Amino acid sequence: MLYMGSRRRFRDLTEQEILALAISSEEDDARIYRGYAERLRSDYPDTAKVFEGMAVEEDGHRRALIDLHQTRFGEVIPLIRREHVAGFYARRPVWLAETLSLDRIREEAENMERDAEHFYHMAAQNAQDADTRKLLGDLAAMEARHQDEAHRLEREHLGDDARTGEDDRAKRQFLLTWVQPGLAGLMDGSVSTLAPIFATAFATHDPWTTFLVGLAASVGAGISMGFTEAASDDGELSGRGSPTKRGIAAGVMTTIGGLGHALPYLIPHFWTATTIALIVVFVELWAIAWIQNKFMETPFLRAAFQVVLGGALVFAAGALIGSG
């Protein structure tokens with residue numbers, strides 16, 4: 001690990017070291033773009049071509065920088081990287097691309113070029129030496145041209161039809177991996193925990209006991225739902241995505257759905273807690289209907305009828321059992 005005290009300050013670098021830093025940065029960025037291309041190749045081939053083209057551009061700039069270094073300072077390039085310089089812009093680890101959406105990867109690439117350009121501009125403004133200022137200004141202009149080139153490559157490889165198709169696939173993947181299991185979890189947590197929570201509430205009239213039962217039911221249902229979703233489908237054939245992500249979405253939302261109407265029973269007054277819990281249940285059920293309508297394109301009235309009817313039946317069962 002590098003500590004701040006072991007890093008060089010940018011203003012203490014020589015012109016040769018600044019040039020070496022630019023060379024290593026270009027090498028890293030080319031690797032990142034190729035990593036993005038490899039990550040996207042199977043599902044988004046047109047966007048992968050854009051990143052491959054950007055990697056080629058970075059290689060070209062690296063070669064130009066190496067030629068400049070050879071002309072000014074010779075063959076031996078000092079070993080200096082971003083992490084060796086205090087305050088230098090950082091790059092997101094490539095393995096995090098596995099967790100990023102298509103739009104987020106595109107945004108990350110734009111930020112990479114923008115950060116580099118901004119850094120060189122700021123460094124050039126603070127430089128005292130005229131040659132160093134010129135060098136930093138040239139690097140900033142080079143990064144600005146990178147952004148223009150990225151847009152040209154996008155126009156070349158990613159037309160309107162291709163981009164629309166890739167965006168549709170990305171949206172579908174998001175729905176299958178996160179929204180669908182999360183919605184199933186929210187419905188399960190909101191509806192299935194109604195019976196034990198309200199049965200306990202009306203049987204004991206004890207808010208704390210009701211809360212403990214609700215907490216146990218919510219957490220237990222979340223764990224069960226999460227493992228069930230993760231184990232039900234590895235995502236290879238169905239294309240539903242990572243079972244771990246789906247399990248997390250289902251488990252977390254199941255727990256949240258149950259806790260929504262369990263938490264009011266932290267209030268010591270029974271009827272106040274029960275009234276608030278009923279209001280929360282109403283909000284939860286209508287939220288589920290809204291999510292179904294927005295993301296799953298289920299007609300709102302049909303979704304509301306199904307969810308509210310199901311919730312009302314489960315609530316009635318719990319209340320009757322508790323009262324008896």
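Normalising the average separation of contacting C-alpha pairs (under 8 angstrom, six or more residues apart) by the number of residues puts the relative contact order of the stretch 237-294 at 26 percent.
Taking the radius of gyration and the Kirkwood hydrodynamic radius from Cα positions alone, what is the Rg/Rh ratio for the stretch 165-323, to two decimal places?
Rounded to two decimals, Rg over Rh is 1.04.
Quick check on the stretch 1-91: take the gyration tensor over C-alpha atoms, sort the square-rooted eigenvalues as a ≥ b ≥ c, and tell me if it's rounded (a/c under 1.5), prolate or oblate.
Details: a/c = 3.67, a/b = 1.58, b/c = 2.33.
Cα axes put the stretch 1-91 in the oblate bin.
The Leu301 and Arg82 beta-carbon pair, evaluated with R₀ = 51 Å, returns a calculated FRET efficiency of approximately 0.40. When you have a sec, figure out the Kirkwood radius of the stretch 212-293 from all distinct Cα pair distances and drop it here in Å to one decimal? Answer for the stretch 212-293: a Kirkwood hydrodynamic radius of 14.0 Å. Over the stretch 193-324, Cα pairs under 8 Å with separation of 6+ residues give a relative contact order of 34 percent. Using only side-chain charges placed at the Cβ, +1 for Lys and Arg and -1 for Asp and Glu, the dipole size of the stretch 182-316 relative to its Cα centre rounds to 200 debye.
Here, each number is a calculation from the coordinates, and none is a lab measurement. It should be emphasised that the depicted structure is a prediction, and the values quoted were computed from it without experimental measurement. A quick note on method: Cβ atoms are made from the backbone with ideal geometry, for glycine too, and the neighbour counts reach across all protein chains shown.
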